[in-house]
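For reference, the structure discussed in these notes is given below.
The values are calculated or read from the model by the stated rules, or taken from the named source; none is laboratory data. All values derive from a computational prediction rather than experimental measurement. Cβ sites come from the backbone with ideal geometry, for glycine too, and all protein chains shown count toward neighbours. With ligands, DNA and RNA removed, areas are computed over all heavy atoms of the protein, side chains included. Shrake-Rupley method; radii C 1.70, N 1.55, O 1.52, S 1.80 Å.
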Amino acid sequence: MTDGPEPWEPGSGPAGAEKRFAPATIRNRDAIVAVLRDALPSCGVVLEVASGSGEHAVHFAVSFPALNWQPTDSDPTAIASIATWREEAALPNLNPPIMLDAAADWPVTRADAILCINMVHIAPWDATLGLFKGAGQALPPGGLLYLYGPYIRTGVETAPSNCAFDASLKARDPRWGLRSVEHVVAAADAAGLTFDRLIDMPANNLSLLFRRRD
């Protein structure tokens, strides 16, 4: 099983037309928090690229109250959902969402850490290259770039569910699909990011941690 892109579910209540639910979030958020506890700085701004529904941003802001969370997305529908989740949560350390296209010029020029969850395989490769370029420019030396999602590893058998997921992604958009860890690491390295470590996660997903070089 993989935390793939499932259709967003509409919310309920006055803002139901805007609020969305991503079912994978509830399944993966605590496992991600467990990794982030040992990886994030103690204070500063954490930029989330491709925040989606906004559920992760709320959960992370609750889990790490000393950090200032900045959600972003390139989809206006996602921005509306994030704003609704933020308004309902009323957290002092969760900023209003801003539009950010990973492949274009970023409106954010500095962040102490950057997260990107379940985007790399559901976007053209240019978005990943833009993510690395932006992270290489925005992060301080030693700053964290954290990626989460399904990947392919040389010498490691790909789970049948991930193979099926990869085929379904490519059928929807030939520019999408699971990326190889080695390809991702090489692209990050070219942008000034050093591969730190890989952590196996539930449901055939991985955490990939990078640090900006001095």
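Worth a mention:
- Secondary-structure-derived ellipticity at 222 nm for the chain, considering helices only, amounts to -11000 deg cm²/dmol, per-run term -39500 (n - 2.57) for DSSP H runs with n ≥ 4.
- Positive dipole terminus of the chain, leading residue within Asn205, Pro76, Leu91 (C-beta point charges): Asn205
- The calculated FRET efficiency for the pair Asp189 and Val156, based on their C-beta separation and a Förster distance of 22 Å, comes to about 0.60.
- Subtracting the Cα-Cα distance of Val35 and Val108 from 0.36 nm times their residue separation leaves 23.8 nm of extension gain.
- Surface composition of the chain: carbon plus sulfur atoms contribute 55% of the solvent-accessible area (1.4 Å probe, protein chains only, all chains present).
- A crude spin-label estimate for the pair Gln137 and Ala90, with each label 7 Å from Cα along the Cβ direction, gives 3.9 nm.
- Cleavage-rule hits, trypsin sites (Lys or Arg not before Pro), the range 116-214, DSSP coil, Cβ neighbours within 10 Å at most 14: Arg153, Arg175, Arg213
- Under-5 Å amide H pairs with Tyr151, H placed in peptide plane, nonlocal only: Leu206
- Two-decimal log10 I(q)/I(0) for the range 42-189, as the Debye equation yields it once each C-alpha is a single scatterer, q = 0.15 Å⁻¹: -0.79
- With DNA, RNA and ligands ignored, accessible area of Val181 (1.4 Å probe; Å², nearest 10): 10 Å²
- Heavy atoms of the protein chains alone define the surface here; on that basis the range 84-173 has 45 Å² accessible area per residue at 1.4 Å probe size.
- Selected from Gly155, Gly136, Gly192 as most flexible by GNM, with the chain as the system and alpha-carbon contacts under 10 Å: Gly155
- Overall form of the range 151-210 per C-alpha gyration tensor (a/c, 1.5; a/b vs b/c): oblate
- Computed magnitude of the charge dipole of the chain (debye, nearest 20; Cβ of K, R +1, Cβ of D, E -1): 260 debye
- Were the residues from Asp196 through Trp125 laid out at 0.36 nm apart, the gain over their Cα-Cα distance would be 23.4 nm.
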